[in-house]
1. Consider residue 6 against the criteria (1) more than 18 Å from residue 103 (Cβ to Cβ); (2) open to solvent by less than 30 Å² (accessible area, probe 1.4 Å); (3) in a loop (DSSP other than H, G, I, E, B): it satisfies all of them except one. Which criterion is unmet?
2. Could you list, in sequence order, all residues of segment 46-74 that are surrounded by fewer than 18 Cβ atoms within 10 Å (Cβ to Cβ), charged (D, E, K, R) and touching a residue at least 12 places away in the same chain (Cβ under 8 Å)?
3. Which one is nearest to residue 5 (Cα to Cα) among residues in segment 82-103 that are open to solvent by less than 10 Å² (accessible area, probe 1.4 Å) and hydrophobic (A, V, I, L, M, F, W, C)?
4. Restricting the search to segment 14-29, which residues are open to solvent by less than 40 Å² (accessible area, probe 1.4 Å) and either β-branched (Val, Ile, Thr) or in a strand (DSSP E or B) (or both)?
5. For a quick check of your reading of the model, give me the residue pairs whose first member lies in segment 94-116 and is without any contact (Cβ under 8 Å) to a residue 24 or more places away in the chain, whose second is outside any strand (DSSP E or B) and open to solvent by 30 Å² or more (accessible area, probe 1.4 Å), with beta-carbon atoms closer than 8 Å and at least 6 apart or on different chains.
6. Could you look through segment 30-45, keep only residues that are hydrophobic (A, V, I, L, M, F, W, C) and out of contact with any Lys or Arg (no Cβ under 8 Å at 6 or more places or on another chain), and pick out the one that is most open to solvent (accessible area, probe 1.4 Å)?
7. So the check is Cβ under 7 Å with 6+ separation or different chains; which pairs have a first residue in segment 24-39 that's within 16 Å of residue 6 (Cα to Cα) and a second one that's in a helix (DSSP H, G or I)?
Amino acid sequence: QVQLVESGGGLVQAGGSLRLSCAASGRTFSNYVMAWFRQAPGKEREFVAASWSGGMTQYADSVKGRFTISRDNAKNAVYLQMNTLKPEDTAVYSCAASARRYSTYDYEYDYWGQGTQVTVSS
């Protein structure tokens, strides 16, 4: 069982930055694919970024070059640095963990945090 707790959301002006954190329980954190998803009002949840073993990462096209996912296995934590934020980045951001393989599909992830709100004003 893995428990995930996000933090770091808030209100920011367009062009600004935020850093989200996700603290995970569990002794085998380093074995998990860790990902960030987001869901805007009235829209489906969408993949944002993922990190897995060997320092591998993947990003949605909409955030490439602006967002950076990183993890600290010693601290059981994963982060999402978000720069040059846009109003369309406004959403609830959730951290997710998979014991299987990297995927952009939310149903492939076994564990989810409660989410943190990010609001970008224009």
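1. (3)
2. Scanning segment 46-74 gives 46, 66.
3. If we take residues in segment 82-103 being open to solvent by less than 10 Å² (accessible area, probe 1.4 Å) and hydrophobic (A, V, I, L, M, F, W, C), then 95 is nearest to residue 5 (Cα to Cα).
4. Keep residues of segment 14-29 that are open to solvent by less than 40 Å² (accessible area, probe 1.4 Å), which gives 16, 18, 20-22, 24, 26, 29.
Listed by number, the residues that qualify are 18, 20, 21, 22, 24.
5. 108/100; 108/101
6. 40
7. Taking only residues 6 or more apart or on different chains, the pairs are 37/106.
Matching residues to (1) at pLDDT 95 or above; (2) under 12 Å from the mean Cα position of the chain (by Cα); (3) among the small types (Gly, Ala, Ser); (4) part of a loop (DSSP other than H, G, I, E, B):
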residue	(1), (2), (3), (4)
35	yes, yes, yes, no
47	yes, yes, no, no
61	yes, no, no, yes
70	yes, yes, yes, no
80	yes, yes, no, no
84	yes, no, no, yes
94	yes, yes, yes, no
102	no, no, no, yes
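The values are calculated or read from the model by the stated rules, or taken from the named source; none is laboratory data. Owing to the predicted nature of the structure, the values given are computational and were not obtained by experimental measurement. Every residue, glycine as well, gets a Cβ built from its backbone with ideal geometry; the counts of neighbours run over all protein chains shown. Surface accessibility is based on the protein's heavy atoms, side chains included, excluding ligands, DNA and RNA. Shrake-Rupley method; radii C 1.70, N 1.55, O 1.52, S 1.80 Å.
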